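The values are calculated or read from the model by the stated rules, or taken from the named source; none is laboratory data. Values in this document were obtained by computation on a predicted structure and should not be read as measured data. Counting neighbours? That spans all protein chains shown, and the Cβs are built from the backbone with ideal geometry, glycine included.
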Amino acid sequence: MAFDGLFTKAMTEELNEALMGGRVNKIHQPFKNETIMVIRARGKNNKLLLSAHPSYARVQLTETIHDNPSEPPLFCVMMRKHLDGAILENIRQFGLDRTICFEFKGKNEIGDISYKNLYVEIMGRHSNIILVDKEKGTIIDSIKHVPSALNSYRTILPGAPYVEPPAQNKQNPLAADAQAVLRAVDFNAGKISKQLVSSFEGMSPLISNEITARAGLANKETLPPAFLAVMEPLKQGAYSPLLIETGEKSYFYMIDLPHLSGERIKFNSLSSLLDRYYFGKAERDRVRQQANDLERLIGNELQKNRSKIHKLERTLQEAENAGEYQRLGELLTANLYAVKKGMNKIDVLNYYDENAGTITIALDPQKSPADNAQKYFSRYQKAKHALVVVQEQIEKTKNEILYFEALMQQLESASPRDIEEIREELAEEGYIKARHVKKKKKTDKPVIEEYIASDGTLIHAGKNNRQNDYLTNKFARRDDIWLHTKDIPGSHVVIRSDAPSNETILEAAMIAAYYSKAKESSSVPVDYTKVRYVKKPSGAKPGFVIYDNQHTVYVTPDEGKVMAMKK
């Protein structure tokens, strides 16, 4: 990845082309560090995402749908008050820094023209979104408040003057010539890539590494041409947004970077590139925070039940010796005449043995001969009863393990809304206290994700047990096609057709494999059958079903293809 100053320049140009002169229609703040502005421009509504996330800060147009809180945060309220209905007059970047200023013209409470600037500073954990009164030069509000105790150079609080981030006083790489490149580098000092980043504004190690890779053994003859060759398409605005999958890591940039080997995926815009790159990343981070306690609970339950299985299996082995206790009791009864109180063992003829050998029976010297025999019969009865109970317990514990493995898999692909449904389910099942869960109305239906196959057929997928139960048992028609990964925890998927094409079945199977524990595997087996052959056993755990009359296909999950089908 590299949302550096050069990428910020390209994004600023893209946003100017799409949004200039547009009117602000809606403002939302779905998450603590992110806002979305709906700006009507060029005859369409454009969703502008502004993020001050410490790890995923960025500015882009987005097609991603987010759930908004029932009560807007204070910063969102202030944004609506000052920018709702305003006209976006300009979008500019501070040099090649990662700071973008959106300039708005609107009206204040009494109807007079007013001007507001919205600054988005992309600076890692110091990223911020700051609304400023342009005429006064003071901060109206910011998504993150920074008092003077934390930053003596810049106080970011309502009413404080807006101070630009400190200048780095570096050279503009787009204006540099061969001599400027040579002056910026000390070839004897080594680490040419780092020297370029330190000397030129807006450059990240990613593009600096591309320059040094093209230069080969970097020297006065090879470095300047390589530098200028990389900068040329950036000067011309000849962008070709790419996502590069190297296997270990993903990278994005607005030009190709040949020094990185791997699969290259092209995009029509920088924003669509970022939608793909960041899909799920920021959300996964939020989900991890929201679901930390659930993940810990589920992990503990899994560990507890796996340990329980081992203990039960040992108990089962002991219980399987029930017949031996019965034989010892009968042999002892047959030889009571030879047993004297105070004996701790006796050797008797084992008439169960074809070779008529002897067997040693342990005795309790404190018990009478009859009581010793009764002790073995009691152990026999107890072991026989335990055999049934332990087998039932083992089956129940195995189901518990399958249930929690499925929940753990669901957490991996869950959205914040899915987390709440999982939390409700755990409360209903008695694993967490119900009073800690905000209950929904019984009439509320789960929201099922929709996908569209290449031939236009609708495909639905559940992402947690509540959604799976609703999709399979209530939403789906009896002759719809139902899919699930074979013997692998995963989502229920339904094709809204009784006779889908083979291609649609494979596409639906890919969705099922993608939302399963085998997401990172290849050639994943996926069963499919009609919904009429899928049954939920009485008393079964949420999401658990049995099915028959199935066929199996093998697919390899592809995130890009799954996201392309998402409605």
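A few comments on the model shown:
- The listed residue being surrounded by fewer than 20 Cβ atoms within 10 Å (Cβ to Cβ), among the hydroxyl-bearing types (S, T, Y) and touching a helix residue (DSSP H, G or I) at 6+ places or on another chain (Cβ under 6 Å), out of S204, S199: S199
- M79 being among the hydrophobic types (A, V, I, L, M, F, W, C), surrounded by fewer than 16 Cβ atoms within 10 Å (Cβ to Cβ) and either within 34 Å of the chain's Cα centre (by Cα) or on the phi < 0 side of the Ramachandran plot (or both): no
- Some residue of the stretch 225-233 being assigned to a loop (DSSP other than H, G, I, E, B) and of a type outside the set (V, I, T): no
- Residue check for K9: at negative phi, basic (K, R) and in a helix (DSSP H, G or I): yes
- Checked against (1) in a helix (DSSP H, G or I); (2) buried (at least 16 other Cβ atoms within 10 Å of the Cβ), L257 passes all but a single condition, namely (1).
- Taking the stretch 280-378 as the region of interest, the helices (runs of 4 or more DSSP H) fully inside it that hold 2 or more residues being hydroxyl-bearing (S, T, Y) are 292-319, 322-334.
- Entry remark, the stretch 29-82: residues being free of Cβ contacts under 8 Å to residues at least 24 places away in the same chain, among the aliphatic types (A, V, I, L, M) and not in a strand (DSSP E or B) number 2 in total.
- Residue check for L217: over 28 Å from the mean Cα position of the chain (by Cα), at pLDDT below 90 and either among the basic types (K, R) or more than 30 Å from K32 (Cα to Cα) (or both): yes
- Pairs, first assigned by TED's automatic domain parsing to the domain that holds E14 and more than 14 Å from E210 (Cβ to Cβ) in the stretch 235-259, second among the polar types (S, T, N, Q) and surrounded by 15 or more Cβ atoms within 10 Å (Cβ to Cβ), C-beta under 7 Å, six or more apart: none
- Residue in the stretch 288-299 that is charged (D, E, K, R), out of contact with any Gly (no Cβ under 7 Å at 6 or more places or on another chain), under 30 Å from V59 (Cβ atoms) and at pLDDT below 85 present: yes
- With respect to the stated conditions, E507 is crowded, with 20+ Cβ neighbours inside 10 Å and of a type in the set (D, E).
- Single residue of the stretch 3-28 satisfying the filter (among the charged types (D, E, K, R) and touching a strand residue (DSSP E or B) at 6+ places or on another chain (Cβ under 7 Å)) that is farthest from G95 (Cα to Cα): K26
Residue-by-condition table, conditions (1) over 30 Å from T62 (Cα atoms); (2) surrounded by 17 or more Cβ atoms within 10 Å (Cβ to Cβ):
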| position | (1), (2) |
| --- | --- |
| I459 | no, yes |
| N465 | no, yes |
| L471 | no, yes |
| T485 | yes, yes |
| S497 | yes, yes |
| V524 | yes, yes |
| Q550 | yes, no |
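- Residue within the stretch 383-400 that is within 30 Å of Q317 (Cβ to Cβ), basic (K, R) and modelled with pLDDT under 85 present: yes
- Some residue of the stretch 34-43 being hydroxyl-bearing (S, T, Y) and under 22 Å from the mean Cα position of the chain (by Cα): yes
- Answer from Y352, Y325 - the residue that is among the aromatic types (F, W, Y) and crowded, with 18+ Cβ neighbours inside 10 Å: Y325
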